[in-house]
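These notes concern the structure reproduced below.
Quick note: the coordinates plus some simple rules give every number you see, no bench work behind them. Keep in mind that what you see is a predicted model, and the values were worked out from it rather than measured. For neighbour counting, all protein chains shown are included, and Cβ atoms are generated from backbone atoms with ideal geometry for every residue, glycine included.
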Amino acid sequence: MMQMELSSRRRDTIALEVPDISYFSTNGTGSLEEQSWNMGNELLTYSISEFKCRDFNVANYLVHCKEDCYMYSRNVNCPFLGLSFVRQGTVECFLSETRDRRIWAKGHTNMMVSSGHREERNHFYRGDTFGMTNVLISPAFFRHLSERYPEYFENAYLRLDNGETFFMAPENIPVPVTLDTALNDIELSRMMGNASPMYLEAKVIECLSLFIRETKGKGLEKENSLTSSERDKIYQARDIICSEYLNPPSLRDLALRVGTNECTLKAGFKQAFHSTVFNYLFDYRMNMAVHYLLDTNKTIAEVASLVGYDYQTHFCTAFKRKYNISPSEYRMKA
């Protein structure tokens, strides 16, 4: 089930009507199922076209914005492994579960594992047209991949099964020519008749292998050195600094509270979140600052205090270091 809302600085929140559709086909015939839908309002026009079978879904999204706006979406009970490719435009995406904020720009890709509960906030820019293709893989076929290629997918599937959402590569990467070609070939699936699902499966596996080859295994999700108990402690530490970001504990105190030592905490945190503890805390505070700037009428001084800065000047310096723009300018442009 998906819920979507739109908002902007000058307009009230708008709830979007989203068709009650499933990611993967349930028709039982084995053939490809195709559908599309469009919607438009005073903020943007939005279209989706997709084709899918039991284990795969290929969806093309096109969004044209009439003014700067924010799209909030919430997905429930829709787990998948997915490759995303940006065809045109730019969007800033904030993923609630992982506190991950990144820019998706034309010509970039990444692979996501989604546990089935995902909340995200996308910032679209006035006058921009954003196009993205998503290739989604069902949990059942993901399990098949983990059994067939355990060195690449087993740990990721176990994390999915544990209810986690994360990116396989810490940073989006440029789409190589070979991967772009394989993605374009996927579109031919619709012309293969009763061989369409088989052709689609071959091309999806090709895309996955090309993505893995491009990253050469570097930065791909690997936590073999962390036991389940250690990972639980690292995630507990993350929850503590998020809930106590106004007065966070020292590294030593944080390690003691979760039952580990500083060395293991720092190494495990870097491995799990691709960030140091203090950088994660900094990004979390800046994300909270953006929320207060865009969703409230609080002054810059009030926002500074709410995210843990005693002095407005220190907050403004930190904010500009993160976003290359002052808090007041950020608010004015939203």
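Overview of values
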quantity	calculated
Around residue 44: net Lys/Arg minus Asp/Glu count, Cβ-Cβ under 11 Å	-2
Orientation-averaged projected area, Cα convex hull of the chain (nm²)	17.4
Label-point separation in nm, residue 257 to residue 329, each point 7 Å along Cα→Cβ	3.6
CD proxy at 222 nm, helix term only [per DSSP H run n ≥ 4: -39500 (n - 2.57); per residue of the chain; nearest 500]	-12500 deg cm²/dmol
Relative contact order computed over the chain (Cα-Cα under 8 Å; 6+ residues apart), in percent	12
Cβ-placed point charges (K, R +1; D, E -1), dipole of the chain about Cα centre in debye, nearest 20	860
Summed residue charge, Cβ within 15 Å of residue 261's Cβ, Lys/Arg positive, Asp/Glu negative	+2
Members of 270/298; 66/333; 233/322; 52/203; 233/266 lying beyond 23 Å, as alpha-carbon distances in this model show	270/298; 233/322
Neighbour net charge for residue 31 - beta-carbon separation under 12 angstrom, K R +1, D E -1	+1
